[in-house]
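*Asks:* One structure is given below, represented as structure tokens, and several questions about it will come after.
The values are calculated or read from the model by the stated rules, or taken from the named source; none is laboratory data. Please read all numbers here as calculations on a predicted model, not as lab measurements. With ideal geometry, Cβ positions are generated from the backbone for all residues, glycine too; neighbour counts draw on all protein chains shown.
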Amino acid sequence: MERPKVIFLDAVGTLFGVKGSVGEIYSQIAREFGVHANAESLNQAFNDRIKAAPPATFPDIEVQDIPQHEFEWWYAIARQTFEQAGIIQQFADFDTFFSELYIHFGTGEPWFVYADVIPALTNWREKGIQLGIVSNFDSRIFSVLQSLELRDYFDSITISTQVGAAKPDQKIFGIALAKHNCPPESAWHVGDSENEDYHGAKTVGMRGVLINR
């Protein structure tokens with residue numbers, strides 16, 4: 001098999017994952033605000049809201065305004081999660097709660113790096129393969145990668161909120177490839193989503209690699 005020029009990777013669910021579950025973290029921080037919620041119910045509600053949400057893409061927004069739109073996108077997800085769980089009325093100040101929650105997920109605290117990641121990244125770098133991230137996460141990815149000591153492994157980071165397109169859209173893969181001046185047939189993309197990562201990559205002519213976490 002011919003060695004790729006570039007290997008792109010998804011971020012959440014591929015490089016790093018959530019400690020426990022999103023529902024558990026929502027529940028823990030809500031408890032600090034006097035709100036007691038069932039973690040499993042919150043996790044189910046969160047997954048439902050994520051699936052129903054429009055992509056986090058802001059194609060007509062000025063670059064300096066993107067972080068605010070990211071914040072508002074996640075605010076809607078979180079509020080709908082607690083509404084679906086039937087406990088939104090318990091909050092005296094949901095806005096302050098959400099601000100703390102949002103900041104928390106921008107740190108390394110709620111995340112863990114999968115055990116096979118560092119050895120794989122190190123091996124590829126030693127072989128001279130360029131590495132990039134293609135993710136539907138938001139701009140907090142930069143602080144998360146830094147906190148998890150992953151940032152320096154990557155030559156490029158391409159995220160949906162900044163390019164106005166989310167995986168599996170061909171546009172986000174095309175932008176990532178252009179950063180490396182790399183034709184699609186010389187690149188791999190590794191991810192945990194069959195639709196967003198595997199099929200998205202294959203649609204543009206890259207080799208898609210599906211990872212099962």
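*Asks:* List the pairs whose first member sits in the range 6-20 and is farther than 22 Å from Leu177 by Cα, whose second member is surrounded by fewer than 21 Cβ atoms within 10 Å (Cβ to Cβ) and at pLDDT below 95, and whose Cβ atoms are under 9 Å apart, counting only residues at least 6 apart or on separate chains?
*Replies:* These pairs meet every condition: Gly17/Arg213.
*Asks:* Restricting attention to the range 128-148, does a residue exist that is under 26 Å from Ala56 (Cβ atoms), modelled with pLDDT of 95 or more and acidic (Asp, Glu)?
*Replies:* Yes, the range 128-148 contains at least one residue that is under 26 Å from Ala56 (Cβ atoms), modelled with pLDDT of 95 or more and acidic (Asp, Glu).
*Asks:* Got a sec? Which helices (runs of 4 or more DSSP H) wholly within the range 1-118 have at least 2 residues that are over 26 Å from Leu148 (Cα atoms)? Break it down stepwise before answering.
*Replies:* Working: elements: 22-32, 39-52, 66-84, 94-104.
In the range 1-118, the matching helices (runs of 4 or more DSSP H) lie at 39-52, 66-84, 94-104.
*Asks:* Restricting attention to the range 67-86, does a residue exist that is surrounded by 14 or more Cβ atoms within 10 Å (Cβ to Cβ) and either farther than 26 Å from Ser27 by Cα or in contact with a His (Cβ under 9 Å, 6 or more places away or on another chain) (or both)?
*Replies:* No, the range 67-86 has no match at all.
*Asks:* Shifting gears a bit: Among the residues of the range 1-26, which ones are of a type outside the set (A, V, I, L, M, F, W, C), within 16 Å of Phe142 (Cα to Cα) and in contact with a His (Cβ under 8 Å, 6 or more places away or on another chain)?
*Replies:* Asp10
*Asks:* Moving on to the next point. Of all residues in the range 119-133, count the ones that are in contact with a helix residue (DSSP H, G or I) (Cβ under 8 Å, 6 or more places away or on another chain) and either outside the structural domain of Ile175 (by TED's automatic domain parsing) or assigned to a strand (DSSP E or B) (or both).
*Replies:* Within the range 119-133, residues that are in contact with a helix residue (DSSP H, G or I) (Cβ under 8 Å, 6 or more places away or on another chain) and either outside the structural domain of Ile175 (by TED's automatic domain parsing) or assigned to a strand (DSSP E or B) (or both) number 3.
*Asks:* Let me ask something additional. Just give me the residues in the range 66-97 being over 24 Å from Lys51 (Cβ atoms) and among the aliphatic types (A, V, I, L, M), in sequence order.
*Replies:* Matches in the range 66-97: Ala92 only.
*Asks:* Separate question: Can you find, within the range 132-189, the residue that is surrounded by the most Cβ atoms within 10 Å (Cβ to Cβ) among those that are hydroxyl-bearing (Ser, Thr, Tyr) and closer than 23 Å to Pro67 by Cα?
*Replies:* Let us first name the residues in the range 132-189 that are hydroxyl-bearing (Ser, Thr, Tyr), namely 135, 139, 143, 147, 153, 156, 158, 160-161, 186.
Now restrict to residues that are closer than 23 Å to Pro67 by Cα: 135, 139, 143, 147, 156, 158, 160-161.
On the way: Ser135: 28, Ser139: 14, Ser143: 15, Ser147: 15, Ser156: 17, Thr158: 21, Ser160: 22, Thr161: 24.
The selected residue is Ser135.
*Asks:* Output the residues belonging to the range 18-50 that are surrounded by fewer than 17 Cβ atoms within 10 Å (Cβ to Cβ) and in contact with a strand residue (DSSP E or B) (Cβ under 9 Å, 6 or more places away or on another chain).
*Replies:* Those that are surrounded by fewer than 17 Cβ atoms within 10 Å (Cβ to Cβ) and in contact with a strand residue (DSSP E or B) (Cβ under 9 Å, 6 or more places away or on another chain): Val18, Lys19, Glu24.
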